[in-house]
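Report on the following structure.
The values are calculated or read from the model by the stated rules, or taken from the named source; none is laboratory data. It should be emphasised that the depicted structure is a prediction, and the values quoted were computed from it without experimental measurement. Cβ: placed from backbone, ideal geometry, glycine included. Neighbour counts: every protein chain shown.
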Amino acid sequence: MDQTGLHIANDADGFTETSGLSFEGLRQYDSEAIAIEIEQCDDALHFLYAEKIVTAATTFLSKFNGTSLYAAKANPHPAVLKLLWKTGMRDFEVASVREVEQIHALLPDATLYFMHPVKSRKAIRTAYALGVRHFAFDSLDELRKIRQETRNAPDLALHLRLSVSQEGAEYPLGNKFGATLIEAPLLLVHARQISEKLGVTFHVGSQCLDVTAYHTALKDIARLLEGAGLSVDMLNVGGGFPVAYPDMPILPLPDYFDGIQQALTEFGFDKLEIFCEPGRALVAQGGAVAVRVEMRRGHSLYLNDGTYGALFDAGQPGWNFPLELYGGGRLGKSDEMALFEFYGPTCDSIDKMSGPFSLPADVAEGDWIIFRSLGAYGYAMQTRFNGFYSETTVAITAETTSD
Ligand SMILES: *Cc1c(COP(=O)(O)O)cnc(C)c1O
């Protein structure tokens, strides 16, 4: 470290060598304020916090009674994927051939699970050739594609995606994919014939605030299997593990793990191979995004990033995030707070975040607003629409003040 607070991660840097659990290849700073000052970035600035990600990953790896897969779409930054690998994560859930190729190239020994129930033929072929054996499906058509494109491979692990209730989820994912309980028996019978291992998977919806949603889904699966006289080898309870955002209190992760374990025992699933697929819960706390105020008009702030950038969740589901203002040397300016709405930089009028968001009343052009808990579905969601996007991600080593 030099006097400016900038660390460059490389082999000669003691920090990298001694901790072993820092990000590779990122510039590192002691604080967000130092990063903002030194980077002089004209776009949004993405921050990553190694310790938060290591803590979340360690919780899943040590407390979830089964195999935890990282749902790579939540944040596919290479530094995040490598850090998770260093923490001990060996299994990754992917949905596209690009995710397969990216992770295969970065982490050649990782086990990949291609869990999108509708894949292109070429994607299936490419994935199989790269060593992927786990595939999801929710129809006979997809099963046929998998069988044909893997040339009747004898070593497939197939997961039937079931459609389950999304009632407890703040961000439902249910209506698009998944076989119904009525369709499932026939699909399982067919899949059994072409798979070495057969499983069932579901997703209760993202940011699931209802612990019992997993119990309900597992109960439906138990009824389904019993009613049809079928059995499976694997059960994948998907993602949906929540993160504490403002106004959205949650139960701790171990409560979710206990609830799932109780249901597995209750329905006689303990002997099966069990998986979960956290995305948000692994990386949300591990990232933040700083955006600059380009103009203030009354209580509207025009920002250099928005819903086509890293702030989709602040605009579309309209969530709030822990915010901090950095106004040239001071974190938080005035003590007096006021409510604001935000506009993103693109010309589209839906590039708006209604909030209302609470900030110091004297926020002004040139100030930076730090959106915390945006390590999931922030960096991952940005588009290049209208030429606004950020390629700058740096690591922050200091303890953050709020979660
Ligand atoms: C998005 C997704 C996940 C991760 O969901 P989170 O709510 O972020 O935990 C897991 N599995 C599948 C199939 C997904 O589509």
Fill in the blank from the handout: So the strands (runs of 3 or more DSSP E) completely within region 165-213 holding 2 or more residues that are modelled with pLDDT under 95 are 169-171, 206-208
Problem - Which numbered condition residue 257 fails, given (1) aromatic (Phe, Trp, Tyr); (2) outside any loop (DSSP other than H, G, I, E, B); (3) without any contact (Cβ under 8 Å) to a residue 60 or more places away in the chain - result: (3)
Practice task
Out of 60, 47, 92, report the one residue that is farther than 30 Å from residue 124 by Cα and either touching an Asp or Glu at 6+ places or on another chain (Cβ under 7 Å) or outside the structural domain of residue 304 (by TED's automatic domain parsing) (or both).
Solution key: 47
Exercise for the section: Count, please, the residues in region 234-256 that happen to be over 18 Å from the mean Cα position of the chain (by Cα) and surrounded by 17 or more Cβ atoms within 10 Å (Cβ to Cβ). Expected result: 2
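Could you check how many residues of region 42-67 are part of a loop (DSSP other than H, G, I, E, B) and touching a strand residue (DSSP E or B) at 6+ places or on another chain (Cβ under 7 Å)?
So the answer is 5.
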Practice task
Might you check whether a residue that is among the hydrophobic types (A, V, I, L, M, F, W, C), closer than 30 Å to residue 254 by Cα, within 16 Å of the ligand (Cβ to nearest atom) and touching a helix residue (DSSP H, G or I) at 6+ places or on another chain (Cβ under 9 Å) occurs anywhere in region 112-120?
Solution key: yes
Practice task
Could you tell me which residue of region 212-231 is farthest from residue 260 (Cα to Cα), considering only residues that are crowded, with 22+ Cβ neighbours inside 10 Å and more than 14 Å from the ligand (Cβ to nearest atom)?
Solution key: 221
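Scan region 121-144 residue by residue and report those that are closer than 19 Å to residue 176 by Cβ and away from the ligand (no atom under 16 Å from the Cβ).
As a first pass, look at region 121-144 and keep what is closer than 19 Å to residue 176 by Cβ: 123, 135-143.
Correct list: 140, 141, 143.
Which residues, taken from region 175-216, are aromatic (Phe, Trp, Tyr) and over 19 Å from residue 144 (Cβ atoms)? Walk me through how you get there before you give the answer.
In the first step, residues of region 175-216 are kept if they are aromatic (Phe, Trp, Tyr); the result is 177, 202, 214.
Scanning region 175-216 gives 202, 214.
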Practice task
Look through region 35-47, keep the residues that are buried (at least 18 other Cβ atoms within 10 Å of the Cβ) and touching a Leu at 6+ places or on another chain (Cβ under 7 Å), and return whichever of them is nearest to residue 311 (Cα to Cα).
Solution key: 36
Practice task
Would you check which residues across region 256-290 are within 16 Å of the ligand (Cβ to nearest atom) and of a type outside the set (Gly, Ala, Ser) and list them?
Solution key: 256, 257, 260, 274, 275, 276, 277, 278, 280, 282, 283, 285
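When you scan region 64-98, how many residues do you find that are of a type in the set (Asp, Glu) and either crowded, with 19+ Cβ neighbours inside 10 Å or free of Cβ contacts under 8 Å to residues at least 60 places away in the same chain (or both)?
Within region 64-98, the subset of a type in the set (Asp, Glu) is 91, 93.
Checking the rest, the ones that are also either crowded, with 19+ Cβ neighbours inside 10 Å or free of Cβ contacts under 8 Å to residues at least 60 places away in the same chain (or both) come to 93.
Selection size over region 64-98: 1.
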Completion exercise
Given the conditions (1) in contact with a Gly (Cβ under 9 Å, 6 or more places away or on another chain); (2) within 16 Å of the ligand (Cβ to nearest atom); (3) charged (D, E, K, R), every one holds for residue 86 apart from (2)
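So that you can scan it fast, the table gives a plain yes or no per residue for (1) outside any loop (DSSP other than H, G, I, E, B); (2) among the aliphatic types (A, V, I, L, M); (3) crowded, with 18+ Cβ neighbours inside 10 Å:
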| residue | (1), (2), (3) |
| --- | --- |
| 346 | no, no, yes |
| 353 | yes, yes, yes |
| 358 | yes, no, no |
| 366 | no, no, no |
| 370 | yes, yes, yes |
| 374 | no, yes, yes |
Problem - Listing of strands (runs of 3 or more DSSP E) fully contained in region 68-140 that carry 2 or more residues being in contact with a Pro (Cβ under 8 Å, 6 or more places away or on another chain) - result: 134-137
